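Colleague: Pasting a structure below so you can have a look.
No value in this document is a laboratory result; all are computed from the given coordinates. Bear in mind the structure is a predicted one, so any value in this text is a computation, not a measurement. Note that we place each Cβ from the backbone using ideal geometry, even for glycine, and neighbour counts take in every protein chain shown.
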Amino acid sequence: MTHIDKYKIYSYGKSWNKGKEAKTETIQKMLTSDECIDGKQFLRLLDDLQDAWHTHENKDCEIEVTFKNTKE
């Protein structure tokens, strides 16, 4: 079983100001944790966040994984 030691999840989108959509995307929502989570729980978390954050939107999901030596 894979354990994820910490994670950062960001959702980007365009803001609206005075009825106009911004040209650039910014971080709209963010979830971070330094607590360990197992891989299956992490996948459920992603699925739940997709439902909660993007109910009526279609978003791409990109994941980058880094493996580091265990700190002693």
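Colleague: What's the ranking of 21-30, 5-14 by average number of surrounding C-beta atoms within 10 Å, highest first? All intermediate terms of the calculation are to be shown ahead of the outcome.
Modeller: Numbers: 21-30: 9.9, 5-14: 13.3.
Taking the mean over residues of other Cβ atoms within 10 Å, the ranking is 5-14, 21-30.
Colleague: Let me ask something additional. Could you state the principal axis extents of the C-alpha atoms in the chain, from the largest down, to the nearest angstrom?
Modeller: 52, 23, 17
Colleague: Counting alpha carbon pairs within less than 8 Å and at least 6 residues apart, what relative contact order, in whole percent, applies to the chain?
Modeller: On the way: 64 pairs, mean separation 22.2, N = 72.
Reported as a whole number, the value is 31 percent.
Colleague: Among Thr66, Thr26, His3, which residue has its Cα positioned farthest towards the positive end of the charge dipole of the chain, with +1 placed on the Cβ of Lys and Arg, -1 on the Cβ of Asp and Glu, and the dipole taken about the Cα centre?
Modeller: The residue sitting most towards the positive pole is Thr26.
Colleague: Between their Cα atoms, which of Lys6/Lys71; Lys18/Lys59; Lys29/Lys68 are more than 21 Å away from each other? Let's see the in-between values first.
Modeller: Details: Lys6/Lys71 14 Å; Lys18/Lys59 24 Å; Lys29/Lys68 27 Å.
Cα-Cα > 21 Å for Lys18/Lys59; Lys29/Lys68; rest within.
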